[in-house]
Amino acid sequence: MTGNNRVLSTSALTKVAKQFPEIDDIKTVLQLLPSGTYTYWKRTPFYYIPAIYEMATTVEDFENRALARVPRATEDFEEYKTFQKAKVAEMLEAASIYRTWLETRRKRLRSMDAELTRKWEGVFTSKLLALGHDLDDIKRSYWSFDRKQPLTEDGK
């Protein structure tokens, strides 16, 4: 959802419209606002609620000026929409840089975590072997990641 090609799904637009029944042209309002996502996996956009009301007031003011036949009201509104969409696209592009950085950082941390887990599992295993425990018993122990094996030969 970056750039000017931002598309809000029909179901998402319907949900937002139900939350703001007093706003007539909710689609235009949302197109003029930056959005974020609340999770890494689900890209459903969210909007800052006070900004929705503020933008709705701005859009309504432009529409009222056009209805009152104020000279250049429609052109001013189109210019404002073009400017605001470009501003939103720039904000989302900047946010995508940070999102990419965050995703890269998460992958690196997961890799480091897996590496540390393997290291400490090896340390624990070697200490338990030094204490005289059997390797098969260690592999089937409660702290092991190999939990598919039963704890004893008869499965208990």
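Of the residues SER126, SER141, SER111, only one is open to solvent by less than 90 Å² (accessible area, probe 1.4 Å), part of a loop (DSSP other than H, G, I, E, B) and at negative phi; which? Quick ask: steps written out before the conclusion?
Working: SER126 fails: part of a loop (DSSP other than H, G, I, E, B); SER111 fails: part of a loop (DSSP other than H, G, I, E, B).
Going through SER126, SER141, SER111 in turn, the sole match is SER141.
Of the residues GLU121, GLU90, GLU54, GLU78, only one is at pLDDT below 90 and either in a loop (DSSP other than H, G, I, E, B) or not hydrophobic (A, V, I, L, M, F, W, C) (or both); which?
Values: GLU90 fails: at pLDDT below 90; GLU54 fails: at pLDDT below 90; GLU78 fails: at pLDDT below 90.
From the options GLU121, GLU90, GLU54, GLU78, the qualifying one is GLU121.
Looking only at residues in segment 68-90 that are free of Cβ contacts under 8 Å to residues at least 12 places away in the same chain and polar (S, T, N, Q), which one is surrounded by the most Cβ atoms within 10 Å (Cβ to Cβ)?
Checked segment 68-90; the qualifying residue surrounded by the most Cβ atoms within 10 Å (Cβ to Cβ) is THR74.
Can you tell me which residue among GLU93, GLU63, GLU54 is open to solvent by 50 Å² or more (accessible area, probe 1.4 Å) and free of Cβ contacts under 8 Å to residues at least 24 places away in the same chain? Before you say what the answer is, go through the steps one by one.
Values: GLU93 fails: free of Cβ contacts under 8 Å to residues at least 24 places away in the same chain; GLU63 fails: free of Cβ contacts under 8 Å to residues at least 24 places away in the same chain.
Going through GLU93, GLU63, GLU54 in turn, just one is open to solvent by 50 Å² or more (accessible area, probe 1.4 Å) and free of Cβ contacts under 8 Å to residues at least 24 places away in the same chain: GLU54.
For the subset of segment 71-105 comprising residues that are within 13 Å of the chain's Cα centre (by Cα) and of a type in the set (S, T, N, Q), which member is nearest to THR57 (Cα to Cα)? Break it down stepwise before answering.
Step one: list which residues in segment 71-105 are within 13 Å of the chain's Cα centre (by Cα), which gives 92, 95-96, 98-100, 102-103.
From what is left, the residues that are of a type in the set (S, T, N, Q) are 96, 100.
On the way: SER96: 29, THR100: 34 Å.
That would be SER96.
What's the total number of residues in segment 13-51 that are in a helix (DSSP H, G or I) and modelled with pLDDT of 85 or more?
Initial filter on segment 13-51 (in a helix (DSSP H, G or I)): 13-19, 26-31, 49-51.
Pick out the ones that are also modelled with pLDDT of 85 or more and you get 18-19, 26-31, 49-51.
Counting residues in segment 13-51 that are in a helix (DSSP H, G or I) and modelled with pLDDT of 85 or more gives 11.
Hey, any hits in segment 25-36 for a residue that's surrounded by fewer than 11 Cβ atoms within 10 Å (Cβ to Cβ) and under 21 Å from the mean Cα position of the chain (by Cα)?
There is no residue in segment 25-36 that is surrounded by fewer than 11 Cβ atoms within 10 Å (Cβ to Cβ) and under 21 Å from the mean Cα position of the chain (by Cα).
The values are calculated or read from the model by the stated rules, or taken from the named source; none is laboratory data. Nothing here was measured: the structure is a model prediction, and the numbers come from that model. Heads up, the Cβs are rebuilt from the backbone with ideal geometry, glycines too, and the neighbour counts pull from every protein chain shown. Remember, those area values only see protein heavy atoms, side chains included, never the ligands or the DNA or RNA. Shrake-Rupley method; radii C 1.70, N 1.55, O 1.52, S 1.80 Å.
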